[in-house]
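Where a number appears in this text, it was derived from the coordinates with a stated rule and is not lab data. Bear in mind the structure is a predicted one, so any value in this text is a computation, not a measurement. Neighbour counts are summed over all protein chains in view; Cβ atoms, including those assigned to glycine, are modelled from backbone coordinates with ideal geometry.
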Amino acid sequence: MKIDGFVLLLASDGTFKLDGGAMFGIVPKPVWERYFKPDERNKITLGTNVLVIKNENKVALVDLGIGNKFDKKLEDIYEINRTKTLLQDLSEKGIERGDVTHIFITHGHLDHTGWTTTYNHNELEPTFPNAKYIMQEDTLKEIKEPNQKTKPNYNYLNFQNLDSHIELLNGDEEIFPGVELVKSGGHTKGHQVVIVRVGNKTFIYFGDLIPTSAHIKPAYVMAYDLYPMDTFSKKKEILEKAYEEQWTLFFEHDPVTSTAQLADIESYSLKKISI
Ligand SMILES: [Zn+2]
């Protein structure tokens with residue numbers, strides 16, 4: 001969509017699979033399987049929707065898909081399925097690696113940071129050489145100091161040789177006019193969401209605060225979340241505002257409904273829209 005000098009669009013790194021029960025936490029299976037049909041291993045298919053925010057002199061990407069730096073075991077776990085990579089999809093949309101000026105990282109998990117780095121002759125280097133990679137200070141801490149519970153969620157190859165490109169934030173910050181990063185916590189301590197305000201319209205990219213449209217209800221919190229009560233209260237707070245002002249909502253992991261608006265705040269029903 002083009003609006004007031006901005007272009008907003010979604011790119012994709014294909015789909016992958018995660019355990020349906022873990023994705024829906026305390027939500028009973030008969031309820032969540034109405035939205036996502038599990039396979040024989042109880043896994044569900046998720047999207048990797050990357051938001052592109054462009055204006056006259058900036059190109060920002062929000063999160064970077066699942067990437068290609070996996071061994072056989074992880075490939076079997078995640079069952080990545082794609083006809084093209086995020087880099088190929090961006091290129092088809094007219095965006096080359098060198099054009100990108102900003103990468104906003106919602107949090108460090110491997111399904112959000114896949115294309116941060118790529119191999120060049122066996123050496124890892126930043127995939128987007130001219131971009132600042134912006135994340136919360138707490139996120140970098142969580143990446144660098146994992147514990148037994150959090151370690152499997154990271155792929156350390158995604159952060160090798162990246163230090164000189166990383167810019168850290170400590171709380172909410174407007175990065176350029178109209179584009180704000182808001183620290184939400186919840187899923188991880190340093191998790192942030194992205195809010196774009198152009199003209200009289202507001203857009204929000206939730207990252208893993210609300211990963212799919214089926215997670216819209218505040219109590220539908222993933223078992224992966226480290227601070228579930230923070231997820232619950234932050235969702236409630238943001239969705240009240242999003243309903244009042246009819247914000248456009250982006251769902252990173254929804255393979256079908258990537259964009260919607262709230263139709264009702266009591267039932268949290270959505271209306272699908274396209275951008
Ligand atoms: Zn995720």
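Placing unit charges on the Cβ atoms only, positive for Lys and Arg and negative for Asp and Glu, gives the chain a dipole magnitude near 560 debye about its Cα centre.
Summing Lys, Arg as +1 and Asp, Glu as -1, what charge do residues with Cβ under 12 Å from the Cβ of Phe176 carry, Phe176 excluded? Walk me through the numbers on the way to the answer.
Working: positive: Lys54, Lys58, Lys132, Arg197; negative: Glu56, Glu173, Glu174, Glu180.
Summing Lys and Arg as +1 and Asp and Glu as -1 gives 0.
Comparing Phe251, Ile3, Thr106 along the charge dipole axis of the chain, the residue lying farthest to the positive side is Phe251, per the Cβ-charge model. Of the peptides 156-162, 184-190, the ranking by mean beta-carbon count within 10 Å, highest at the top, reads 184-190, 156-162. When the Cα gyration tensor is reduced to axis lengths a ≥ b ≥ c, the ratio a/c stays below 1.5 for the chain, which is therefore classed as rounded.
Using a 10 Å cut-off on Cβ atoms, rank the peptides 130-136, 61-67 from the highest mean neighbour count down.
Numbers: 130-136: 20.6, 61-67: 26.6.
Final packing ranking: 61-67, 130-136.
Computed about the Cα centre, the dipole magnitude for segment 75-126 is approximately 180 debye when only Lys and Arg (+1) and Asp and Glu (-1) carry charge, each at its Cβ.
Antiparallel versus total DSSP beta bridges in segment 2-272: what percent is that, nearest 5?
Roughly 75 percent of the DSSP beta bridges within segment 2-272 come out antiparallel.
Peptide packing for 117-129, 99-111 was compared via the average number of neighbouring C-beta atoms within 10 Å per residue; ordered from the highest value, the list is 99-111, 117-129.
In terms of its alpha-carbon gyration tensor, segment 129-196 comes out oblate; a/c meets the 1.5 threshold, while b/c is at least as large as a/b. Ellipticity at 222 nm from helices only: DSSP H runs of n ≥ 4 in the chain, each -39500 (n - 2.57), divided by the residue count, give -4500 deg cm²/dmol. Projecting the Cα positions of Met135, Ile26, Gly67 onto the charge dipole of the chain (unit charges on Cβ atoms of Lys, Arg, Asp and Glu, taken about the Cα centre) puts Ile26 furthest along the positive direction. Mind checking which of Ser213, Phe176, Gln192 is farthest towards the positive end of the chain's charge dipole, using Cβ charges of +1 (Lys, Arg) and -1 (Asp, Glu) about the Cα centre? Final value for the positive-end residue is Ser213. In terms of its alpha-carbon gyration tensor, segment 57-135 comes out prolate; a/c meets the 1.5 threshold, and the first ratio a/b outweighs b/c. Highest GNM mean-square fluctuation among Ser91, Ser258, Ser213, for the chain modelled with Cα contacts below 10 Å: Ser91.
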